[in-house]
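Quick notes on the structure that follows.
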Amino acid sequence: MKQHILPKQALEISKEQFYELFPEGLVDRNNWATYHHKKMTIGKMIEVMFNKGHKITIDNCIPCSVKDYLIEKEYCQMNVCDALWDAVKGCLKLEDTKQ
């Protein structure tokens with residue numbers, strides 16, 4: 001089972017957005033996506049969604065789905081990790097529109 005996102009997936013959001021997901025701090029790197037992508041695990045993505053007030057359910061069938069009840073949206077992918085990453089990106093997009 002895929003446990004963390006890939007560097008190319010990390011680049012789907014800005015460096016600033018990625019670092020904000022880690023309030024405990026990460027060492028700033030020029031190649032941040034290559035260096036830090038493994039820190040964005042399934043558990044970390046669930047933690048991010050929870051901390052941002054999103055209630056989710058995860059269906060681990062194929063395709064997997066993550067339902068976000070706060071914005072009433074479902075994210076489907078072939079694995080849980082990718083579905084959760086889509087949900088995190090959706091959460092960040094929602095925050096951007098509120099600002």
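Within the range 65-99, how many residues turn out to be among the polar types (S, T, N, Q) and either within 16 Å of Gln3 (Cβ to Cβ) or at pLDDT 90 or above (or both)? Lay out the reasoning, then the answer.
Applying the first criterion (among the polar types (S, T, N, Q)) to the range 65-99 yields 65, 77, 79, 97, 99.
Those still in the list that are either within 16 Å of Gln3 (Cβ to Cβ) or at pLDDT 90 or above (or both) too: 65, 77, 79.
Within the range 65-99, residues that are among the polar types (S, T, N, Q) and either within 16 Å of Gln3 (Cβ to Cβ) or at pLDDT 90 or above (or both) number 3.
Answer with yes or no whether Ile13 is within 12 Å of Asn79 (Cβ to Cβ) and outside any helix (DSSP H, G or I). Outline the logic, then answer.
Details: within 12 Å of Asn79 (Cβ to Cβ): no; outside any helix (DSSP H, G or I): yes.
Against the criterion (within 12 Å of Asn79 (Cβ to Cβ) and outside any helix (DSSP H, G or I)), Ile13 does not qualify.
With a cut-off of at least 2 residues that are over 18 Å from Glu12 (Cβ atoms) and β-branched (Val, Ile, Thr), name the strands (runs of 3 or more DSSP E) lying wholly within the range 54-99.
Details: elements: 56-59, 64-68, 73-77.
Because the criterion is at least 2 residues that are over 18 Å from Glu12 (Cβ atoms) and β-branched (Val, Ile, Thr), the strands (runs of 3 or more DSSP E) in the range 54-99 that meet it are 56-59.
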Worksheet item: Looking at this structure, is Ile46 touching a residue at least 24 places away in the same chain (Cβ under 8 Å) and assigned to a helix (DSSP H, G or I)?
Response: yes
Discussion item. Residue pairs, Cβ under 6 Å, 6 or more apart or interchain, first in the range 71-97 and in contact (Cβ under 8 Å) with a residue 24 or more places away in the chain and surrounded by 19 or more Cβ atoms within 10 Å (Cβ to Cβ), second part of a strand (DSSP E or B) and charged (D, E, K, R). List them.
Written reply: Ala87/Asp68
Discussion item. Within the range 23-32, does at least one residue satisfy the condition of being within 15 Å of the chain's Cα centre (by Cα), at negative phi and modelled with pLDDT of 95 or more?
Written reply: no
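The values are calculated or read from the model by the stated rules, or taken from the named source; none is laboratory data. Note that the structure is predicted; figures quoted are calculated from it, not measured. Ideal geometry is used to build each Cβ from the backbone, glycine not excepted, and the neighbour counts take in all protein chains shown.
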